[in-house]
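FYI, it's all coordinate maths here, none of it is from the lab. Source: prediction; values computed, not measured. Here Cβ is always computed from backbone atoms with ideal geometry, including for glycine, and neighbour counts include all displayed protein chains.
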Amino acid sequence: MTNHHLYRFERGGRVWTTLVLLLLGATMVSLAESNHWVMELFAHFRLQYLVAAVVALLISLLTGQRAALVASLAAVAINGWFVGNYALNIGVQAAAAPTEHPSALRILHANVQYRSQPIERLLQRARAEQADILLIQELNNHGASVLSTAQDYPYRSLFPQEHPYGIGVVSRTPVEVTAEQDSSGLYTFLTARIPWGDTKLNLVYLHPPPPLSAQSTQIRDDLLQRIAARVRHSTNVLVVGDINNTPWTRSFARFVATSRMRPLRNRLPMGTWPQWLGFEGGFLTRLQIDHVFTRNARDIQEFRVLPDIGSDHMPVLVRLTSA
């Protein structure tokens, strides 16, 4: 190898090591998420960090970059612990081979993006999936007026807003819906009692703000803890919504621990936002912020991220049985 080639190799090695150290740095910053809301933003990408760290580890092994090898190994260990803990101990899968049941209840959740309001496409998807209940977030007045014409969903509790926090429920059968406010008075969440076989399903539907400031992060976390304390001793309960949180944060873990509920997951993490980034399922390119939490996974026949309906979020379907 000539001196010129050796210099280029060494310079490339320094650049590569710097990139891997940046990956490890982002990982380390995410560990301090409780100290500042900005640091929590780094925690939402643990799955992406893990995949990048595994690739970096393999490349570092092949190229003999020792510093990069050590840094990538540390990043794999840290992010692998979080992802593995979620897969093994926190998230729960629906039945591997869902079968129809006479008392099956199909619930479809969709954040319809208050500027786009693709309600017609949502209704088409709901009919194709034979959904019994539609849960809608970011509902505005136009979207509410379109929903009001859906004769196959005659039972409606709609709370539209001309901002991202309108919310609503439409159903094929009567549903008892109550609207409540969070402690700031800015965000509406819904509780519903839904006929389900010989009993009733208690459903909580919420859409807290994203963690884009100290105040909005605190509001989100306070609402999650309020809901967690409420459902902790409830039976036949489901919590659904775009909660603007991913499975990798401490605030998510606190909600799971306090509520004693578990998030539904697929075999691979299925991202729901942003819709336009990546392939269906969004394993690596989307964040998983639309969630369904249950206490009894045996009640869940199916949990699925649905195809694009024209919003920035992918809709989600859950099928339950009371058997």
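From the convex hull of the Cα coordinates of region 3-90, what is the mean projected area in square nanometres?
For region 3-90, averaging the hull's shadow over all directions gives 6.2 nm².
With label points built 7 Å along Cα→Cβ from the Cα atoms of ARG267 and ALA229, find their separation and express it in nm.
With each label point 7 Å from Cα toward Cβ, the separation is 4.2 nm.
For the chain, build the charge dipole from Cβ charges (+1 Lys, Arg; -1 Asp, Glu) around the Cα centre, then report which of GLY84, LEU212, PHE189 sits farthest towards its positive end.
GLY84
Just from its helices, what would the mean residue ellipticity at 222 nm be for the chain, if runs of 4 or more DSSP H residues each count -39500 (n - 2.57) and the sum is divided by every residue, rounded to the nearest 500 deg cm²/dmol?
The helix contribution divided over the chain gives -12000 deg cm²/dmol.
Taking every eigenvalue of the Cα gyration tensor of the chain, multiplying by 5 and rooting it, what semi-axes result, largest first, whole Å?
So the equivalent ellipsoid measures 40, 20, 19 Å along its semi-axes.
Among PHE45, PHE293, which comes first, then next, by fewest other beta-carbon atoms within 10 Å?
PHE45, PHE293
Compute the FRET efficiency between ALA179 and LEU88 as 1/(1 + (r/R0)^6), taking r as their Cβ-Cβ distance and R0 = 41 Å, and round to the nearest 0.05.
0.65
R0 = 41 Å: FRET efficiency of VAL55 with ALA214, Cβ-based, nearest 0.05?
0.75
Within 10 Å of each candidate Cβ there may be at most 14 other Cβ atoms; applying that plus a DSSP loop requirement, which trypsin sites (Lys or Arg not before Pro) in region 203-250 survive?
Sparse-neighbourhood loop trypsin sites (Lys or Arg not before Pro): ARG232.
Would you list VAL237, VAL29 from fewest to most Cβ contacts within 10 Å?
Taking fewest neighbouring Cβ atoms as first place, the list is VAL29, VAL237.
For region 169-305, just say rounded, prolate or oblate: build the C-alpha gyration tensor, square-root its eigenvalues into a ≥ b ≥ c, call rounded for a/c under 1.5, and beyond that prolate if a/b exceeds b/c, oblate if not.
In terms of gyration-tensor shape, oblate.
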